[in-house]
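Participant: Handing you this structure, nothing more for now.
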Amino acid sequence: MKNEKALVVFSGGQDSTTCLIWAKKEFKEVEAVTFNYGQRHSEELVCASEIAQELEVPHHVLDMSLLNQLSPSALTRNEEITEKEGELPSTFVPGRNLLFLSFAGVLAKNIGAVHIVTGVCETDFSGYPDCRDMFVKSFNVTFNLAMDEGYVVHTPLMWLDKEATWKWADEMGMLQYVREKTLTCYNGIRGDGCGTCPSCKLRSKGLTAYLSSENGGAEL
Ligand code: ZN
């Protein structure tokens, strides 16, 4: 795969930044695509652009504000994010990942990339059916039929939990970078974030678990 080109679906968060770092090691050429869908915090887009620039990756930002016409949700409006057990979180935009992957796929064709990398994950399953492994495999087949070509969709984080994702970043020598530069907080605060939103809690739980483990102990 070293001599081929990859397009990474990139939000500037922990997961997709870790995927971007991996892709840079794995492929000859890498570009990144970020979707602008009226995120609650435009800081997300700034953050993604800065990381792409620092990692010297050409960066595409696609306007997906039409998502708001389809499905206004808490992620794009200033409503409180709620999560109730057994229900999808209020951030849920039905089919979002399906749309993102489709647009990324068409962009991949235009830039001559045959690999598409996405940081979706089934382990910290948040209820998004189009982030499941079965869906991504099915999408890969459908997309190749649509294009009549052999694209490969990579999901390197699919079976990793947050602790394992931190470990992987550390193994690639980029734990501190990912920790400081990325933004996953629902309140738009980079790095360790606000510490209280569901996303921060998940991220810090994984980091604490990794740092207190045998391998991560040196970072304490
Ligand atoms: Zn937060």
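Participant: If each residue of separation counts as 0.36 nm, what is the full-extension length gain between Glu180 and Ser65 once their alpha-carbon separation is subtracted?
Facilitator: 38.6 nm
Participant: Per-residue accessible area for Ser16 at 1.4 Å probe radius, Å² rounded to 10?
Facilitator: 10
Participant: Give me the one-decimal nm value for the distance between modelled label points at Leu145 and Asn110, 7 Å along each residue's Cα-to-Cβ direction.
Facilitator: Placing both labels 7 Å beyond Cα along the Cβ direction yields 2.5 nm.
Participant: Could you rank Tyr210, Tyr128, Tyr186 by how accessible they are, 1.4 Å probe, largest area first?
Facilitator: Result of the area sort, largest leading: Tyr186, Tyr128, Tyr210.
Participant: Using a 1.4 angstrom probe on the protein heavy atoms only, line up Arg132, Arg203, Arg190, Arg96 by accessible area, largest first.
Facilitator: Correct descending sequence by accessible area is Arg132, Arg190, Arg96, Arg203.
Participant: Size of the dipole of the stretch 1-61 about the Cα centre, Lys and Arg at +1 and Asp and Glu at -1 on the beta carbon, nothing else charged, in debye to 20?
Facilitator: So the magnitude is around 200 debye.
The values are calculated or read from the model by the stated rules, or taken from the named source; none is laboratory data. Owing to the predicted nature of the structure, the values given are computational and were not obtained by experimental measurement. Glycine gets a Cβ as well: all are built from the backbone with ideal geometry, and neighbour counts include every protein chain shown. Ligands, DNA and RNA are excluded from the accessible area calculation, which covers all protein heavy atoms including side chains. Shrake-Rupley method; radii C 1.70, N 1.55, O 1.52, S 1.80 Å.
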